[in-house]
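The values are calculated or read from the model by the stated rules, or taken from the named source; none is laboratory data. Predicted model, so just to flag it, every value in this text is computed and none were measured. Every residue, glycine among them, receives a Cβ derived from its backbone with ideal geometry; neighbour counts consider all protein chains shown. To get the accessible areas, we keep the full protein, side chains included, count just its heavy atoms, and leave off ligands, DNA and RNA. Shrake-Rupley method; radii C 1.70, N 1.55, O 1.52, S 1.80 Å.
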Amino acid sequence: MSALRAAVFEPPAPVEAEPERDCPFCPRLVAFREHWRAAEPDWHNAPVPSFGPVDGRLLIVGLAPGLRGANRTGRPFTGDYAGELLYSTLIKFGFATGVFEARSDDSLKLADSRLTNAVRCVPPENKPTTDEMRNCRPFLAATIGLLPSLSAIVALGKIAHDQVLAAHGEKLSRYKFAHGAVHRLGEVVLFDSYHCSRYNTNTGVLTTPMFHAVFAKVRAHLDSLG
Ligand code: URA
């Protein structure tokens, strides 16, 4: 196989919504995963599956698992700094119940919502490449396609926003990413937020009130549908 083909390995369509444990499509991510499987055999170290009921109306799309967070625990945003703000916000706005204890076996449950990542495997330095995003996109498209009641999507960051648009077959240039922006994609409304990463919150790019304001809009939108 040429180097180019190895880097841009298109998965056969149609794909399942969740990649298999040894998903082979991104050589760099496979090598990273193998490294961490050897170093930390008790960690999840595999594609992190989506979390939450499939009959929910809301889908939240993050970037990719954090090395010592979701990649360790096996649940999106669990054990990541970003999960503290995300899950407390989901509880506040009625999209989660229970107690978040940063463990995949805590009592937290998502309500009317599902959480996934644009890229399912942990990338070195939290930075997936363009090819890796493209390789993983069919899983995002299948995840979206699996939700019969989907009415709203929250994109956490511009990468998630772009991947959601691409998964819908939409032109990126028609929908500009901005924190608090709202876009209609047919039956589904896309809400943009800055990613709730430690970097964004520590630098003040994203404050808790700014993040809450996005979910307040989502709540109002879903409540208006009855
Ligand atoms: N953890 C995740 O699962 N996704 C992110 O985007 C960030 C942290």
### Task
Report the local net charge at D80: Lys and Arg +1, Asp and Glu -1, summed over other residues whose C-beta lies under 13 Å from its C-beta.
+4
### Task
Compare the Cα positions of A64, G74, W43 along the charge dipole of the range 24-129 (+1 at Cβ of Lys, Arg; -1 at Cβ of Asp, Glu; about the Cα centre) and return the one farthest towards the positive end.
A64
### Task
Can you grab the distance from the C-alpha centre of the range 175-226 to the C-alpha centre of the range 105-151, Å, no decimals?
17 Å
### Query
Per residue, how much accessible area does the chain show when a 1.4 Å probe rolls over the protein heavy atoms, in square angstrom?
46 Å²
### Prolate/oblate/rounded call for the range 98-226, Cα gyration tensor, a/c under 1.5 rounded
rounded
### Query
How would you rank 171-184, 109-122, 207-220, 126-139, highest first, on the average number of other Cβ atoms within 10 Å across their residues?
109-122, 126-139, 207-220, 171-184
### Query
Dipole size in debye (nearest 20) for the chain around its Cα centre, Lys and Arg Cβ +1, Asp and Glu Cβ -1?
520 debye
### Query
Expressed as a rounded percentage, what relative contact order does the range 72-210 have, with Cα pairs under 8 Å and six or more residues apart?
19 percent
### Message
Could you tell me which residue out of F95, G226, A181 lies farthest along the dipole of the chain toward its positive end? Charges go on the beta carbon: Lys and Arg +1, Asp and Glu -1, centred on the Cα centre.
### Response
A181
### Message
Using helices alone, I'd like the mean residue ellipticity at 222 nm for the chain: each DSSP H run of four-plus residues gives -39500 (n - 2.57), total over residue count, nearest 500.
### Response
-11000 deg cm²/dmol
### Relative packing of 83-92, 19-28, 40-49, 60-69, which averages over residues the other C-beta atoms within 10 Å, highest first
60-69, 83-92, 40-49, 19-28
### Query
What does the charge count near V154 come to, summing +1 for each Lys or Arg and -1 for each Asp or Glu among other residues with Cβ under 15 Å from its Cβ?
+4
### Query
Of the accessible area of the range 15-82, with the probe set at 1.4 angstrom, what percent is carbon plus sulfur?
54 percent
